[in-house]
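Working notes, structure below.
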Amino acid sequence: MSYPKFFDSVESIKLVDPLSNVLGAFEDGLYEITFLEVVKAAGHSCPTVAGAYLITLEGLKALYPDTRAVRGEIKVEFRDPMEEGVAGVIGNVVSQITGATEKSGFKGLGGRFARHSLMKFNANINSSIRLTRADNGKSVDVYYDPSSIGGSPKMQMLMQKMMGGMASKEEAKEFGALWQDRVERIMANIPSVIRVVKN
């Protein structure tokens, strides 16, 4: 399997999942989710998928400063409706990491571990996303704006050629490399694209 090597340099998200411990999936429920795993699930790497990963990474570090984030016990709110823009795409990535879903998630085991109804869209917030701990009600607002990390001027021309079926194999490869170059620079400049506010 060949992929951009910067995927491996992105900080992983460390979690504890009590349900996975109960069901014997991971000892003590401890595991990590990597950017590579998120890219596999999404099927691609782009500024939106990268942003969703960074939003969750930085938000959970602020929400759980001294311990691992508890998967399945994190409420997630989005400002935008699910159908608008990239909110649904971001929601899928955040759901993969936190376990939170609107209605489709796990219904629970013996009255515990439910993951459904932990995600809400079209919420009355100003940030890109709000993460809230179910155990103590503490929350953080996270803002994501990658506009300061621009792409190569060549990308627009190459994309037009690709969409028109006129790009050569070399041009298609160059477009992919330039696309991932921007994603890599976003990942390398987290303070420029992510802002976390504790509530």
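The values are calculated or read from the model by the stated rules, or taken from the named source; none is laboratory data. Please read all numbers here as calculations on a predicted model, not as lab measurements. With ideal geometry, Cβ positions are generated from the backbone for all residues, glycine too; neighbour counts draw on all protein chains shown. Heads up: the accessible areas ignore ligands, DNA and RNA and are worked out on the full protein's heavy atoms, side chains in. Shrake-Rupley method; radii C 1.70, N 1.55, O 1.52, S 1.80 Å.
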Restricting attention to the stretch 116-132, report how many residues are out of contact with any Ser or Thr (no Cβ under 7 Å at 6 or more places or on another chain) and either open to solvent by less than 20 Å² (accessible area, probe 1.4 Å) or charged (D, E, K, R) (or both).
-> 5
Identity of the residue in the stretch 16-38, open to solvent by less than 70 Å² (accessible area, probe 1.4 Å) and of a type in the set (Phe, Trp, Tyr), that ends up farthest from the chain's Cα centre (by Cα) | Tyr31
Starting from residues that are open to solvent by 50 Å² or more (accessible area, probe 1.4 Å) and not small (Gly, Ala, Ser), keep the ones in the stretch 133-151 and report whichever is nearest to Ser117 (Cα to Cα).
-> Asp135
Go through Ala41, Ala52 for me and flag whichever is at negative phi, in contact (Cβ under 8 Å) with a residue 24 or more places away in the chain, surrounded by fewer than 19 Cβ atoms within 10 Å (Cβ to Cβ) and in a helix (DSSP H, G or I).
-> Ala41
What number goes with the only condition from (1) closer than 18 Å to Ile55 by Cα; (2) not in a helix (DSSP H, G or I) that Ile97 does not pass?
-> (2)
Can you find a residue in the stretch 113-128 that is touching a strand residue (DSSP E or B) at 6+ places or on another chain (Cβ under 7 Å), within 24 Å of Val183 (Cβ to Cβ) and part of a helix (DSSP H, G or I)?
-> no
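Table: residues versus (1) within 15 Å of the chain's Cα centre (by Cα); (2) surrounded by 17 or more Cβ atoms within 10 Å (Cβ to Cβ).
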| residue | (1), (2) |
| --- | --- |
| Gly59 | yes, yes |
| Leu63 | no, yes |
| Val70 | no, yes |
| Glu73 | no, yes |
| Arg79 | no, yes |
| Glu83 | no, no |
| Gly88 | yes, no |
| Gln96 | yes, yes |
| Gly99 | yes, yes |
Please determine, by comparing only the residues of the stretch 7-22 that are part of a helix (DSSP H, G or I) and not aliphatic (A, V, I, L, M), which one is nearest to Thr67 (Cα to Cα).
-> Pro18
